[in-house]
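The values are calculated or read from the model by the stated rules, or taken from the named source; none is laboratory data. In this text, all values refer to a predicted model and were calculated from it rather than measured experimentally. Ideal geometry is used to build each Cβ from the backbone, glycine not excepted, and the neighbour counts take in all protein chains shown.
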Amino acid sequence: MKTRRRRTSRKTTGLLPISFLLLVLLPLLLMPLGAIYIFAARGGLGHFIRTFSQSDAQFALRFSLLIAFATSLVNGVLGTFAAYVLAKYRFPGREALSVVVNLPVAIPTVVVGTSLLLLWGPLGLLGQFLDPMGVQPMFAPFGVFLAHLFVTFPYMLGAVKPVLDELEATYEEAAYTIGASRWQAFRFVILPTLRGGLFSGTLLTFAHSLGEFGATVMVSGNLRLRTQTAPLYIFAQFEAGNIETANAVAAVLATLSFALFFVLLRFTQRRSQRVA
Amino acid sequence: MSIVLTDLTKRFGRNLVVNKASLEVTDGHLFVLLGGSGSGKSTILRMIAGLIQPDGGTILLNGQDVTLLPPQARGIGFVFQNYSIFRHMTAAENIEFGLRIRKTPTARRRERSEELLDLVGLAGLGRRFPDQLSGGQQQRVALARALAYQPAVLLLDEPFGALDVKIRAQLRKTLKDIQRRLMVTTILVTHDQEEAFELADQIGVIERGSLIEVGKTEELYHRPRTEFVADFIGGSNVLTGRVRDNQVKVGSTVLPLPRGIASHDEERPVRLLFRPETVLLQSEPFSADSGVIALGQGQVIERVFAGSQQRIRLEVEGLQEIPSRVPQSDYGWRTTQIEAVRPSEAEPLVQFTPEQKFWIGLRHYHILETVGLKMLICSEDSSAGEAVANFGCYLAQAAGGSATMVSVVDSSQALVNARERLERLREQWLGQLPHLEIRVRQGAAGGEILLEVQEGHYELVILGRQKSSKEARPAAFGSTVRPLLEQVGVPVLMVQEPRSSLGRVLICSAVGEPGKADVRIGGRLASLTGGLATVLHVRSSQETSEQRRRAEQHLRQALSTLESMGVKSQSKIGEEPAIDHILSEAEEGDYDLIVIGAPAPRPPRRLRWHDLANQIVSGTHRPVLVVPLVD
C-alpha cells in the first residue's frame with residue numbers, strides 16, 4: 001500500500017532523461033533480446049517442433065536443467081553453511097577465506113574451466129593419479145557439475161551472509177537460554193530468518209547455472225548426448241549454420257530465465273514492502 | 001539462596017574483566033548490579049547464564065553447581081538489551097517457544113502464553129509479529145518469553161537501555177510488579193542508578209571487574225563504605241579531615257565523630273561525605289542552638305538549572321587547604337568547592353546568582369572508610385630490593401594507606417625463601433604498618449606484576465631499579481613498566497636509591513602539554529608526607545609568546561591546585577635542553593622525588609619531550625614517579 005502511494009505521488013516530470021535512457025537502452029538491451037524471438041519465430045511453429053523432436057536438443061535442455069537443479073541444491077547447502085561459519089566465528093584467516101569464496105565472481109569462467117582441467121584432467125595434478133584407475137571427472141557430466149559448483153558458489157553466500165551478519169549475536173543466545181539445543185536454535189530460529197536469502201540465492205544460482213558457458217565449454221568436451229548443455233548446443237548449432245535451430249533453443253532458454261527472474265523480482269519486492 | 005557466586009573470574013586475553021566476584025542473592029529478591037560501561041557487569045550476568053565460561057570460581061543456582069553446564073541446562077530466563085525476540089514468530093509463538101522445546105502440549109502452551117501476555121500487559125496482541133510492535137512492547141514479549149517456562153532465576157541485561165524515558169519508567173513498574181508477584185530471584189544489570197534505586201532490593205556496585213560494595217539501597221546511598229561508591233552513586237561532597245580528640249577537624253570546623261564509627265587513630269586523615277541535597281544554605285550565620293554544623297561562608301560559582309532541581313556550586317574560603325575529593329575542585333582552583341542542590345521554584349525566594357555569599361551548614365554527614373593510597377611494593381631478593389621495600393613501607397605509612405609487598409620468583413624452590421624474607425620485613429614494620437600484606441608469585445616478573453596490579457586495584461606501584469651500568473641500554477622502561485603505564489594506567493615509582501624522607505618533590509613540566517595528573521599525584525604524595533612541591537617548567541628556546549602565556553597559566557594553575565591540596569609549593573622556569581636542566585635542578589635542590597609524565601605509547605621520533613621520561617629515569621639515581629597519560 002505504502003509503496004504504491006509513494007509511487008503515484010512521485011512527479012512525472014523528467015520526460016527528457018527518461019526518454020534518453022530508453023533511447024540508450026533500446027539498442028543496448030531491448031533490441032538484442034527482441035531479435036532472438038523474432039528470428040526464432042521466423043521459422044514458424046513447425047520449426048520449433050522439428051527442433052525439439054531432435055534428441056540432442058532435448059538432451060541439451062534436460063541436461064542443463066538437471067545440472068542447474070543439482071548445482072542449486074548442493075551450493076544451497078554448502079553456501080549457507082559457509083555463510084554461517086564466516087558470519088559467526090572469528091578465526092585467523094577468516095578475511096582471506098571470505099575473499100577466496102567470493103573469488104569465482106572475479107575470475108573469467110574460461111579460466112575456471114582451464115584450472116579445473118589442470119587439476120582433474122588426465123594430465124592434471126590430481127587427475128594423473130585418477131586416470132590409471134579409470135576415473136575421469138573431466139569431459140563427463142560430473143566435470144560439468146564441478147565447474148558449475150565452482151562458478152556459482154558465491155551467489156548463495158552473497159544472498160545469505162548479509163542476513164546472518166545483520167542478525168544480532170544475542171539472537172542465537174536467546175534461543176540457548178530458553179533451552180534450545182544448537183540444532184534446534186538453527187532449525188527454528190536461524191533458518192526461518194534466512195528464508196528470503198535462501199530463496200533468492202537458490203534462484204540466482206539456478207539461473208547462472210542454466211546460462212553458464214565459458215567453464216562448461218572447457219571441461220565438457222562438448223560431447224553430444226553426454227555433456228552438451230543448452231548454451232553449448234546453441235553455440236554448436238550456430239556455428240554449423242543452423243541459425244533457426246539455435247534460435248529456437250535460445251528462445252526457450254531466454255524465456256525460462258525471464259520467468260525465473262520475474263519470480264525473483266516479485267519476491268524481493270514483496271519482501272521490501274513487508275519491511276517498509 | 002537461589003544464586004551464589006564464589007570467586008568468579010574472567011579474563012579476555014591479558015585483561016582481567018571480572019575479578020573474584022562473590023555474591024549471594026536472597027530468594028525472591030531483585031538484585032541490581034550497577035556499574036559503568038566496561039566494568040564487567042554484563043560479563044558476570046552472561047557467566048551466570050552460561051553464555052561465557054568463567055576462568056575461575058563457581059556458580060550455584062538453587063544449590064546446584066552449574067559452572068560447567070551449558071545455558072540450556074541451567075533453567076534461567078534471560079532478557080537482552082536489544083530484545084532479541086524472533087522476528088519470524090508472532091508474540092505468542094515467541095512466548096511459547098520455550099514450552100515448544102520442552103514438548104508441552106499445544107493447549108497448555110496456548111493457555112500459558114495468554115496468561116503471560118496478560119501479565120506483561122499485552123493481552124490481545126499475541127498474533128502480532130515483532131515488526132508490528134513498539135520497542136517497549138517487544139521487550140515485554142521478551143520478558144514474557146523468559147518467564148514462560150518458569151525459570152528458577154531471571155537475568156536481565158540492561159533491559160531498558162534502548163527505550164525512551166517514559167516507556168522505561170512504565171516498564172520498570174511492570175517488571176517490579178511481576179517480580180514481586182512471581183517472587184522469582186532476579187539479577188538486573190544496569191548503569192542507570194535511578195533505575196537501580198527504583199527496582200532493587202539490593203545493589204552491588206561493580207568497578208573494573210570487582211564488586212566494590214553490596215548493600216540495601218538506602219544504606220548504600222546514605223552510608224556507603226567506600227569513597228568510590230559515595231562518588232558513583234548520586235551527587236556527593238567528600239572532604240578530608242583529621243581525627244583529633246574523638247572529633248573530626250575539617251579546616252577550622254570541628255565535627256563530632258558520629259557514633260558507631262570505629263575510633264580512628266589520632267591524626268589519621270578521614271573522609272567526610274555529605275550529599276548535595278542535605279547541604280543547608282542561608283544568608284545569615286547559623287545560630288549555635290540550631291543543631292547545624294556550620295562549614296563556613298561560601299561564594300556561588302555557578303548555578304545550573306536542571307529541571308526539577310537546581311545545582312549550586314560554591315567555593316569556600318574557610319576550608320582552605322582542605323582537599324575536597326569530590327567534587328574534585330576544578331584544576332587551577334585554590335579553594336574547596338562544594339555542591340548543593342535545591343528544588344526548583346517558579347518564583348524563588350532566594351536567588352543563587354554567582355558571587356553571592358551564603359553560609360553553608362550541615363545536619364548529616366557520614367565518615368567513609370579511610371584508605372590512603374593503595375600501594376604495591378615490588379621487592380626483589382637483594383640488598384637493593386630490601387632498601388626499596390623499606391622505602392615503600394615508609395611511603396605507605398606516611399600516606400596512611402594500605403600496602404602489599406610482592407615478590408616474583410622464577411622457581412618453586414625460591415618460593416619459600418622469598419616468603420621468609422617478606423615475613424621478616426613484615427615483622428619489622430608491624431608497628432607502623434599493621435595491615436601490610438605480603439604475596440609471593442611464581443612466573444615472569446613483568447606478567448605477574450601486571451596481574452597483581454589488575455587484581456588488586458593498586459593506585460601506585462613501587463619498583464626497584466638496578467643501578468644502571470654504562471653499557472645498559474638507555475631505554476629504562478622494560479616489559480614491566482610499559483604495560484603498567486599503558487594498559488592499567490597506574491603511576492609507577494621507580495626507585496634506585498631510596499631516600500630517607502619525602503620532603504622535596506620536583507614536578508616536571510616542559511614543552512608540550514603539561515600534565516595535570518602529574519601535578520595532582522605529586523601534590524597528593526607531598527600532602528600526605530607534608531613535603532614541599534616544586535613545579536619546574538622547561539622553556540623551549542624558540543618559545544612563542546602564545547606558548548609562554550600558556551606555560552605561565554599552567555604554572556599558576558598548578559600552584560593553585562597544589563595550594564588547594566594543602567601543599568607548600570613554588571615554581572621554577574628553566575631553559576632547554578630539558579633533560580640536562582631537570583637533572584641539574586634535581587641535584588641542586590636535592591629532591592627526594594621527581595614526578596614526570598609517561599612517554600607516549602609509540603613515541604614519534606620528533607617528540608623529544610616524551611622520550612624525556614626514559615632519559616631521566618636512566619639519568620638519575622633519585623626516585624622517579626612516572627605518571628601515565630590520562631585522556
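Would you point out which residue out of A:Val189, A:Val144 is facing chain B (nearest Cβ under 9 Å), crowded, with 23+ Cβ neighbours inside 10 Å and either out of contact with any Gly (no Cβ under 7 Å at 6 or more places or on another chain) or not aliphatic (A, V, I, L, M) (or both)? Spell out how you get there, then give the answer.
On the way: A:Val144 fails: facing chain B (nearest Cβ under 9 Å).
Being facing chain B (nearest Cβ under 9 Å), crowded, with 23+ Cβ neighbours inside 10 Å and either out of contact with any Gly (no Cβ under 7 Å at 6 or more places or on another chain) or not aliphatic (A, V, I, L, M) (or both) holds for just one of A:Val189, A:Val144, which is A:Val189.
Against the numbered list (1) assigned to a helix (DSSP H, G or I); (2) surrounded by fewer than 17 Cβ atoms within 10 Å (Cβ to Cβ), A:Arg226 comes up short only at (1). Of all residues in the range A:35-63, those that are buried (at least 17 other Cβ atoms within 10 Å of the Cβ) and polar (S, T, N, Q) total 1. Considering the range B:477-585, the qualifying strands (runs of 3 or more DSSP E), each wholly inside and each with 1 or more residues that are in contact with a Phe, Trp or Tyr (Cβ under 8 Å, 6 or more places away or on another chain), run over B:492-495, B:504-509, B:532-539. Cβ separations smaller than 8 Å between residues 6+ apart or across chains give the following pairs from the range A:156-180 residues that are facing another protein chain (nearest Cβ under 9 Å) to residues that are of a type in the set (S, T, N, Q) and buried (at least 23 other Cβ atoms within 10 Å of the Cβ): A:Glu168/B:Ser84; A:Thr170/B:Ser84; A:Tyr171/B:Ser84; A:Glu173/B:Ser84; A:Ala174/B:Ser84. Of all residues in the range A:10-40, those that are assigned to a helix (DSSP H, G or I) and without any contact (Cβ under 8 Å) to a residue 40 or more places away in the chain total 21.
When we screen A:Val151, A:Val219 for residues that are part of a helix (DSSP H, G or I), more than 11 Å from chain B (Cβ to nearest Cβ), in contact with a Gly (Cβ under 7 Å, 6 or more places away or on another chain) and surrounded by 19 or more Cβ atoms within 10 Å (Cβ to Cβ), the only hit is A:Val219.
For the range B:145-177, the set of residues classified as under 21 Å from B:Leu61 (Cα atoms) and over 31 Å from the mean Cα position of the chain (by Cα) consists of B:Arg145, B:Ala146, B:Leu147, B:Ala148, B:Tyr149, B:Gln150, B:Pro151, B:Ala152, listed by residue number. Any residue that is in contact (Cβ under 8 Å) with a residue 24 or more places away in the chain and either touching a Cys at 6+ places or on another chain (Cβ under 9 Å) or not in a loop (DSSP other than H, G, I, E, B) (or both) - is there at least one of those in the range B:159-166? Within the range B:159-166 (the criterion being in contact (Cβ under 8 Å) with a residue 24 or more places away in the chain and either touching a Cys at 6+ places or on another chain (Cβ under 9 Å) or not in a loop (DSSP other than H, G, I, E, B) (or both)), the answer is no, since none of the residues qualifies. Before we move on, is A:Leu198 touching a residue at least 40 places away in the same chain (Cβ under 8 Å) and either assigned to a helix (DSSP H, G or I) or of a type in the set (Phe, Trp, Tyr) (or both)? Considered against the rule, which asks whether it is touching a residue at least 40 places away in the same chain (Cβ under 8 Å) and either assigned to a helix (DSSP H, G or I) or of a type in the set (Phe, Trp, Tyr) (or both), A:Leu198 comes out as yes.
Applying the criterion of at least 2 residues that are within 14 Å of chain A (Cβ to nearest Cβ) and under 13 Å from B:Arg145 (Cα atoms) to the helices (runs of 4 or more DSSP H) found wholly in the range B:18-119 leaves B:91-101, B:106-119. As a summary of the residue check, B:Ser134 satisfies the conditions (1) away from chain A (no Cβ under 12 Å); (2) polar (S, T, N, Q); (3) in contact (Cβ under 8 Å) with a residue 60 or more places away in the chain except for the one numbered (3).
Can B:Val406 be described as touching a Lys or Arg at 6+ places or on another chain (Cβ under 8 Å), more than 28 Å from B:Asp592 (Cα to Cα) and of a type in the set (Val, Ile, Thr)? Break it down stepwise before answering.
Working: touching a Lys or Arg at 6+ places or on another chain (Cβ under 8 Å): yes; more than 28 Å from B:Asp592 (Cα to Cα): no; of a type in the set (Val, Ile, Thr): yes.
So B:Val406 does not fit the description; no.
Find the helices (runs of 4 or more DSSP H) located wholly in the range B:189-245 whose residues include 3 or more that are free of Cβ contacts under 8 Å to residues at least 40 places away in the same chain and farther than 26 Å from B:Arg524 by Cα, and list them.
Values: elements: B:193-199, B:217-222, B:227-232.
Fully inside the range B:189-245 and qualifying: B:193-199, B:217-222.
Condition check: aliphatic (A, V, I, L, M), at pLDDT below 95 and closer than 16 Å to A:Tyr176 by Cα. Does B:Leu23 satisfy that?
Answer is no for this residue.
In the range B:137-151, of all residues being touching a strand residue (DSSP E or B) at 6+ places or on another chain (Cβ under 8 Å) and more than 9 Å from chain A (Cβ to nearest Cβ), the one that is surrounded by the fewest Cβ atoms within 10 Å (Cβ to Cβ) corresponds to B:Leu147. All of B:Thr174, B:Thr186 fail the test of being β-branched (Val, Ile, Thr) and crowded, with 20+ Cβ neighbours inside 10 Å, apart from B:Thr186.
Taken across the range B:33-50, residues that are surrounded by 21 or more Cβ atoms within 10 Å (Cβ to Cβ), farther than 18 Å from B:Gly204 by Cβ and modelled with pLDDT of 90 or more do occur, with at least one present.
In the set (1) under 13 Å from B:Leu593 (Cβ atoms); (2) over 26 Å from the mean Cα position of the chain (by Cα); (3) at pLDDT 80 or above; (4) crowded, with 21+ Cβ neighbours inside 10 Å, B:Leu502 fails one condition alone, (3).
Just checking, does the range A:254-271 include any residue being charged (D, E, K, R), surrounded by 20 or more Cβ atoms within 10 Å (Cβ to Cβ) and either outside any helix (DSSP H, G or I) or within 14 Å of another protein chain (Cβ to nearest Cβ) (or both)?
Step one: of the range A:254-271, the residues charged (D, E, K, R) are A:266, A:270-271.
In the following step, the residues that additionally are surrounded by 20 or more Cβ atoms within 10 Å (Cβ to Cβ) were identified as none.
No, every residue in the range A:254-271 fails to be charged (D, E, K, R), surrounded by 20 or more Cβ atoms within 10 Å (Cβ to Cβ) and either outside any helix (DSSP H, G or I) or within 14 Å of another protein chain (Cβ to nearest Cβ) (or both).
Candidates A:Gln184, A:Gln237: the one that is of a type in the set (S, T, N, Q), surrounded by fewer than 19 Cβ atoms within 10 Å (Cβ to Cβ) and assigned to a helix (DSSP H, G or I) is A:Gln184. Taken across the range B:211-226, residues that are of a type in the set (Gly, Ala, Ser), over 26 Å from the mean Cα position of the chain (by Cα) and crowded, with 16+ Cβ neighbours inside 10 Å do not occur at all. Out of B:Gln397, B:Gln432, one residue alone is over 23 Å from B:Gly522 (Cβ atoms), out of contact with any strand residue (DSSP E or B) (no Cβ under 7 Å at 6 or more places or on another chain) and polar (S, T, N, Q). It is B:Gln432.
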